[in-house]
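The values are calculated or read from the model by the stated rules, or taken from the named source; none is laboratory data. Keep in mind it's a predicted model, so treat the numbers as computed, not measured. A quick note on method: Cβ atoms are made from the backbone with ideal geometry, for glycine too, and the neighbour counts reach across all protein chains shown. Calculation scope for accessible area: heavy atoms of the full protein, side chains included, ligands and nucleic acids excluded. Shrake-Rupley method; radii C 1.70, N 1.55, O 1.52, S 1.80 Å.
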Amino acid sequence: MHSEADMKRVQFRAPNRLIDRTDALAAAFGEDRTDILVTALSEYLKETTKDDALTQDIAAAYYDDEISFDQLKALVGAEETANFRVLKQQLDEGYVDDVADL
């Protein structure tokens with residue numbers, strides 16, 4: 001899967017029922033809890049970026065400087081990020097032009 005150098009330790013609290021279900025699935029597949037959680041998170045992130053409405057929310061966060069270019073790229077991929085960067089530049093230029101006209 002990934003080497004230790006590619007991994008980042010995280011800690012979080014989750015409802016007991018969710019962890020119990022995770023442990024049961026891990027036992028059924030002969031994996032450990034971490035493998036199940038990483039797979040679930042990976043699949044969730046993949047599906048999220050396929051949803052147009054959620055992708056637009058992600059783009060809006062980038063336009064509002066709530067997430068960085070690199071974070072955007074990690075979420076939606078290089079091609080989509082390039083498109084959003086161009087649009088952001090156009091929006092920024094349009095904003096400057098609008099303010100200059102006041």
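Sort TYR63, TYR44 by heavy-atom solvent-accessible area, probe 1.4 angstrom, most to least.
Putting TYR63, TYR44 in descending order of accessible area: TYR44, TYR63.
Relative to the longest principal Cα axis of the chain, at what angle does helix 52-63 sit, 0 to 90 degrees, rounded to 10?
60 degrees
How do LEU41, LEU75 stack up against each other in accessible area, from largest to smallest, with a 1.4 angstrom probe?
LEU41, LEU75
Take the solvent-accessible surface of the protein heavy atoms, probe 1.4 Å, and return the percent of it on the chain that carbon and sulfur atoms account for.
Ligands and nucleic acids excluded, carbon and sulfur give 51 percent.
Indicate the gyration tensor shape class of segment 1-92 (rounded, prolate or oblate), computed on the Cα atoms with a ≥ b ≥ c the square roots of the eigenvalues: a/c under 1.5 is rounded; otherwise a/b larger than b/c is prolate and the rest oblate.
Prolate, since a/c reaches 1.5 and a/b exceeds b/c.
Only four residue types carry charge here, +1 at the Cβ of Lys and Arg and -1 at the Cβ of Asp and Glu. Report the dipole size of the chain about the Cα centre in Debye, rounded to the nearest 20.
660 debye
Indicate the gyration tensor shape class of segment 1-40 (rounded, prolate or oblate), computed on the Cα atoms with a ≥ b ≥ c the square roots of the eigenvalues: a/c under 1.5 is rounded; otherwise a/b larger than b/c is prolate and the rest oblate.
Oblate.
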